[in-house]
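Computed from the coordinates by the stated procedures, all read-outs in this text should not be read as laboratory data. Note that the structure is predicted; figures quoted are calculated from it, not measured. For neighbour counting, all protein chains shown are included, and Cβ atoms are generated from backbone atoms with ideal geometry for every residue, glycine included.
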Amino acid sequence: MVLRIYFLFFLLFGLVACSNNQSENDVLPPETPKEKGTSLFIMHCASCHGEDGKLGASGAKDLTMSKLSDQEIEKIIVNGKNAMPPMKVLLENKENIDLVIKHVKSLRN
């Protein structure tokens, strides 16, 4: 009898411990592509370019004045330029690079 009680106790404890007790309010909605591009830019680029693209730290260009094409921006992101290191590995894939390119272009005046 005592063994049954222990068994039921541990079974109940295991079920409670393994249950998904997150409420719907705890789950964040997925980022939109625009939000993801902004997040990637802030995470990897804003320390030199600034969140608004105008900071210019370590010789970083003012991105609000940029007239570069998508291909030219991608080349700089992938290969780096002057003090800017290549960002290809940090951005992980072409989709993320494209999202950052769109964000950079959204900073233009």
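Here are a few things to note about the model shown:
- With the convex hull drawn around the C-alpha atoms of the stretch 31-106, the volume per residue stands at 79 Å³.
- The distance between label points at residue 94 and residue 43 comes to 2.1 nm (points 7 Å beyond Cα on the Cα→Cβ vector).
- The Cβ shell under 11 Å around residue 68 holds other residues with a net charge of +3, Lys and Arg each +1, Asp and Glu each -1.
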